[in-house]
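To keep things clear, I will list the structure first and then write my remarks on it.
The values are calculated or read from the model by the stated rules, or taken from the named source; none is laboratory data. Nothing here was measured: the structure is a model prediction, and the numbers come from that model. Here the Cβ positions follow ideal geometry from the backbone for every residue, glycine too, while neighbour counts run over all protein chains shown. SASA here: full protein model, heavy atoms, side chains in, ligands and nucleic acids out. Shrake-Rupley method; radii C 1.70, N 1.55, O 1.52, S 1.80 Å.
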Amino acid sequence: MLDKKKLRRIFLDKRLSLSREDVKNMSEKIISTLFALEEFKKSGIVMFYVDARNEVETREAIERALSMGKRVAVPKTIKGQRLLAVEIKGTGELVPGTFGILEPEKDDGLDPEVIDLVVVPGVAFDRRGYRLGYGAGYYDGFLPRLRPEVKKIALAFELQLTEYIPAEKHDIRMDAIVTEKGIYRFY
């Protein structure tokens, strides 16, 4: 059985091996599927991640959601402490942050209780809905603070899926994973 560290390396390498064109084309399919979901349509406040390192691209999706009248929050990492959901009016407000990932400069986070949907990043996901993150535990600390009914939808490329990821008590299952091939639901 591979440990999380080895799995993380394997799946990061797989994702980084994708061409820019593949990332762009598959991301467009994934975002199109996300926007068609009832959970997305019904949500007023959506928390997106800001893509980095060949993740499913979200920047155009953030702008599109804002143009649809949705309120959008993105993560801001307070290093060594926690993740904040900071509301933005556009991607122009983002600057390189803690891990070199674009995030808001301001750090007045929304109360997680007001968020209706969280679009979650990850390195890999298994067929039960568990995610392998980057290892710092920021989402593990943030997700339990949401209302119980808030949907957690992961965006991933099909090559990020695996049969099994070792899950611990604090790991929170995704409600769905959207890939370029479709939707996997776990609720």
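Quick notes on this structure:
- Scan of region 97-113 for residues that are loosely packed, with under 15 Cβ neighbours inside 10 Å, modelled with pLDDT of 95 or more and part of a loop (DSSP other than H, G, I, E, B), ordered by number: 111
- Candidates 92, 129 - the one that is touching a strand residue (DSSP E or B) at 6+ places or on another chain (Cβ under 8 Å) and either part of a loop (DSSP other than H, G, I, E, B) or over 29 Å from residue 11 (Cβ atoms) (or both): 129
- Take the conditions (1) at pLDDT below 95; (2) crowded, with 18+ Cβ neighbours inside 10 Å; residue 27 misses just one of them, which is (1).
- Put simply, of 94, 34, 18, 84 the only residue that is surrounded by 17 or more Cβ atoms within 10 Å (Cβ to Cβ) and within 23 Å of residue 161 (Cβ to Cβ) is 34.
- Residue count for region 36-52 under the criterion of being closer than 17 Å to residue 91 by Cα and either part of a loop (DSSP other than H, G, I, E, B) or free of Cβ contacts under 8 Å to residues at least 40 places away in the same chain (or both): the result is 5.
- Residue that is least open to solvent (accessible area, probe 1.4 Å) [pool: residues in region 1-13 that are charged (D, E, K, R) and more than 18 Å from the chain's Cα centre (by Cα)]: 4
- Matching option when the condition is aliphatic (A, V, I, L, M), part of a loop (DSSP other than H, G, I, E, B) and open to solvent by less than 50 Å² (accessible area, probe 1.4 Å), among 72, 56: 56
- If you filter region 14-56 down to residues that are more than 17 Å from the chain's Cα centre (by Cα) and of a type in the set (D, E, K, R), you find that the one that is farthest from residue 143 (Cα to Cα) is 21.
- Counting the residues of region 139-156 that are among the β-branched types (Val, Ile, Thr) and in contact with a Pro (Cβ under 9 Å, 6 or more places away or on another chain) gives 1.
- Residues of region 159-176 that turn out to be over 12 Å from residue 127 (Cα atoms) and modelled with pLDDT of 95 or more, as a count: 1
- Between 136, 124, 156, the distinction of being of a type in the set (Gly, Ala, Ser), over 22 Å from residue 34 (Cα atoms) and surrounded by 13 or more Cβ atoms within 10 Å (Cβ to Cβ) belongs to 136 only.
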